[in-house]
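As structure tokens, the structure follows; a few thoughts come after it.
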Amino acid sequence: MMGNLRISACVAALAAAALYTPAFAQAEAGHDQAQDAGGVSTGDIVVTAQRRSENLQEVPIAVTAIDSAVAEKLNIRDLQNLQIVTPGLSVSTGVGYAMTYIRGVGANFSNPGVENPVAVYIDGAYVERGKGGNLDMVDVASVQVLKGPQGTLWGRNATGGAILISTADPEFDTTGHVTGEYGNLGHRLIEGVVNVPLSDTVAVRVAGRYRTDGGYIRNLPDNYMFGWQDDYAIRGKLLWKPSSDFSATLMVEHDARKASLGANAEFLPDNYCLNCSASAYTHPYADPYTTAINLLNNGVGVDSKNDIYNLKLNYKLDKFTINSVTAYNHNKTLDAFEGDLTDVNTPANPNNPNAPHSLNFIIPSSNKTFTQNLTATTDLGGMIEGMVGVDYLNDRSTYIINVVQNLSPPFTPIPLAYVKTTSFSPFAEVNIKPLPGLTLTAGGRYTWDKRHGNRVGEPDANVKFHSFSPRLVIAYDAGLVNLYASYNRGSKAGGLSTPAVPMQKFLPETLDGYEIGAKFVSADRRLRANISAFYYDYKQLQTVAINQDSSQVGTVQNPDAKIHGIDFDGNWRATEWLQLFGGATYLKSHYVNYTNAGVQVPVFDASGNVIGTSTGTEDLSGVRLPHAPKYTAFLGATLSADLSSAWKGDLTAFLNYTSTYDFFPAAGGPIRADRQPGYTTIRMSGSIWPTDGKYKIGFFVDNLTDKKTYNLRFTTAPFGAFQLINRPRTYGVRASVNF
């Protein structure tokens, strides 16, 4: 393993001289600008990865950060698209919730009682789960992706890392903009932002967006077009800043999403599929952008609504800063799922469960989540700096699986499950600078988690867990290069699997992460390069075994795993008109002791011919983890120029590469169907605008070469396997007016 790390480190060191992620983040603390002798802007990137405002190049964490300008150039509109500029990040949304992985650490199933080990924060408030499959980024100031376990600073369920989304705060200037997009495949977007100071101490900011995308997958029985989505969000923020030492920001947001039923296209041959012999169509389909399934819930597969309330308080004393974030989130989601993958619409026969029958679900769920964070940091300016804080969470969630289409056994509907989660965790950290340039950091968080679950017909379930997440860092500022070595632990609470009957208690997971890294910036600040090598010891990771033709649809298993790899990224401002940027990750992972893994297996007749699929087990020890491609990389360039004395313009080209990876452990089982082949995609965008910046006109093209990639592939015995293909080439125009 160490030999691989040394070889990869050498390769990465050579490449880092020319590559760097587009981390032009304008984080909460702002974007400090400087000018070199040639007049080129060389802004320092300010991030809050360590719960205080710091220069990205001095933070001993592997961080990808982007601001709203970069998001627009690369057409990054939601959390899923963030993965194109973050090697090692993988996001799928094909099953009604966000399956988010960083460096192979994530969860293949997320519901009340089972959270994702990648923590997502919006304006400093923890988001319990990504229901609705969408985290649209509306009027965003910055997005930071923190790689590696972040248990000390960002708490429970940050085993794999954290994603920090900061929306734009009100300012004491009258500003605003309106942006519209029009594209192929029914893409339409309108966004508006208005910022108004009401007095010398009060300002308000209102932002809203409506986005729609048309269907692109045709249902053969009725020509219905799957793949559409409609999203809207409205947010208001009120800032009160009576002095330079105190500010209060109140945010209220309502957002909603409707998306089509997943176009579950069977892609295995008919003999693997229980219902295919009774279907009017032959599988797999000749055209990957077609399917043949039942139309449920009038075609609506996801109907999700969120109400979010957030109050941020910031108080600066002489040598201390106190921050408080109080938040409440109410989510209601209804998912519809076509589970048998065909147009067959026949109730199950309890006397012959192996006969073709439809199996479709309606899944209502909800959560009401209250969180409170209180943090105090020092600014002593001496040898010792410190931080103390506390987090509290109270979550009340519900989950039901309803079977539709007049079905009867073998699948029994799962009645209402209720789960209450309470979590309390104090944390502290101290930084000591014994010598010039040298910083020693030690910190830790202690977490108490308690869950209570009940469901009709079952005894109440209660579980309690406690964990300690330490952090140790040695960092040395050598001038142009910052070096660091760190140890971090992440922990994810155990819980209750609500799909399982009875509700299953499962163990917590922990990850011990070891990382060394270097961050370089040239004297003229035109070249930045970062590199890190990491090793993870992953214990009792929570993996859900899927068995949708049984009441044990969501049984949690707890194998161990090992992960190691190399990250690097770079950015070079070659001239005033050319900027090059890129990044890559090498990742190697494997299960250590997964000897009885729940998988989907082929069924054979006496002659050895495949006659279907069923659930079974397989020894996955030594098999790589899902969503963990061995190589991911991107490379881009932006040309910026004065087109005339009155006009400016830019053009960005962007290439993204991902090697083969699995969506589920061992690609679902011996058939190895749940797999994404390696691919390369290209994006382009460009804009022109007058020098006064009053308006801007541009274009964008995603998936320029029309590469076929997948949001999800999923084997689901006894019905075969389905795929959800991503959108083909999309393009459009964008116009904005600033005032």
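The values are calculated or read from the model by the stated rules, or taken from the named source; none is laboratory data. Here the structure is a predicted model, which means the values were calculated and not measured. Virtual Cβ from ideal backbone geometry, glycine too; neighbours counted across all protein chains shown.
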Tally time: how many residues in segment 206-257 are more than 22 Å from G124 (Cα to Cα) and not in a strand (DSSP E or B)?
10
Do the conditions hold for N195, that is, is it surrounded by fewer than 22 Cβ atoms within 10 Å (Cβ to Cβ), polar (S, T, N, Q) and touching a Ser or Thr at 6+ places or on another chain (Cβ under 9 Å)?
no
Boolean, Y591 is at pLDDT 90 or above and surrounded by 22 or more Cβ atoms within 10 Å (Cβ to Cβ):
yes
Which number in (1) in a loop (DSSP other than H, G, I, E, B); (2) in contact with an Asp or Glu (Cβ under 7 Å, 6 or more places away or on another chain) marks the one condition that P347 misses?
(2)
Those residues of segment 684-730 that are buried (at least 17 other Cβ atoms within 10 Å of the Cβ), assigned to a strand (DSSP E or B) and either in contact (Cβ under 8 Å) with a residue 60 or more places away in the chain or not hydrophobic (A, V, I, L, M, F, W, C) (or both) come to a total of 19
Which of the residues that make up segment 683-732 are closer than 30 Å to V178 by Cα and among the aromatic types (F, W, Y)?
W689, Y695, F699, F700, Y731
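Just one of T447, T441, T422 is under 23 Å from A518 (Cβ atoms) and outside any loop (DSSP other than H, G, I, E, B); which is it?
Step by step, each of T447, T441, T422 is checked, and only T441 is under 23 Å from A518 (Cβ atoms) and outside any loop (DSSP other than H, G, I, E, B).
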Does N354 satisfy the criteria of being surrounded by fewer than 18 Cβ atoms within 10 Å (Cβ to Cβ), touching a Gly at 6+ places or on another chain (Cβ under 9 Å) and assigned to a loop (DSSP other than H, G, I, E, B)?
yes
Does A98 satisfy the criteria of being among the aliphatic types (A, V, I, L, M), closer than 28 Å to K237 by Cα and crowded, with 24+ Cβ neighbours inside 10 Å?
yes
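Considering every residue within segment 227-236, establish whether at least one is closer than 30 Å to A721 by Cβ, among the acidic types (D, E) and surrounded by 15 or more Cβ atoms within 10 Å (Cβ to Cβ).
yes
Inspect all residues belonging to segment 269-291 and state whether any of them is under 25 Å from the mean Cα position of the chain (by Cα) and surrounded by 22 or more Cβ atoms within 10 Å (Cβ to Cβ).
No: segment 269-291 contains no residue that is under 25 Å from the mean Cα position of the chain (by Cα) and surrounded by 22 or more Cβ atoms within 10 Å (Cβ to Cβ).
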Out of (1) closer than 27 Å to I563 by Cβ; (2) at pLDDT 95 or above; (3) in contact with a helix residue (DSSP H, G or I) (Cβ under 9 Å, 6 or more places away or on another chain), the odd one out for K147 is which?
(3)
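Given the criteria of a type in the set (S, T, N, Q), at pLDDT 95 or above and assigned to a strand (DSSP E or B), does N431 qualify?
Working: of a type in the set (S, T, N, Q): yes; at pLDDT 95 or above: yes; assigned to a strand (DSSP E or B): yes.
Yes: the conditions hold for N431.
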Leading residue by the ranking (farthest from T632 (Cα to Cα)) among those in segment 558-588 that are among the hydroxyl-bearing types (S, T, Y) and touching a Phe, Trp or Tyr at 6+ places or on another chain (Cβ under 9 Å)
Y586
In segment 199-215, anything touching a residue at least 24 places away in the same chain (Cβ under 8 Å) and more than 24 Å from the chain's Cα centre (by Cα) is listed as D200, T201, V202, A203, V204, R205, V206
From A628, A653, residue being assigned to a strand (DSSP E or B) and either surrounded by fewer than 21 Cβ atoms within 10 Å (Cβ to Cβ) or under 21 Å from the mean Cα position of the chain (by Cα) (or both)
A653
Does segment 310-326 contain at least one residue that is surrounded by fewer than 22 Cβ atoms within 10 Å (Cβ to Cβ) and within 30 Å of I611 (Cα to Cα)?
no
With respect to A574, is the statement that it is hydrophobic (A, V, I, L, M, F, W, C), surrounded by fewer than 18 Cβ atoms within 10 Å (Cβ to Cβ) and free of Cβ contacts under 8 Å to residues at least 12 places away in the same chain true?
no
Residues T152, T159: which one is closer than 27 Å to G453 by Cβ and buried (at least 24 other Cβ atoms within 10 Å of the Cβ)?
T159
Filter result for S244 (in contact (Cβ under 8 Å) with a residue 40 or more places away in the chain, out of contact with any Cys (no Cβ under 7 Å at 6 or more places or on another chain), within 30 Å of Y487 (Cβ to Cβ) and among the polar types (S, T, N, Q))
no
Quick test of your reading of the structure: K562 fulfils all but one of (1) farther than 19 Å from A475 by Cα; (2) buried (at least 19 other Cβ atoms within 10 Å of the Cβ). Name the failing condition by number.
(2)
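Only strands (runs of 3 or more DSSP E) wholly contained in segment 58-103 count here; list those with 1 or more residues that are at pLDDT 90 or above and under 26 Å from F714 (Cβ atoms). Reasoning before the result, please.
Numbers: elements: 63-67, 89-92, 99-102.
It comes to 89-92, 99-102.
Being of a type in the set (S, T, Y), at pLDDT 95 or above and in contact with a Lys or Arg (Cβ under 7 Å, 6 or more places away or on another chain) is true for just one of T326, T375, T333. Which residue is that?
T375
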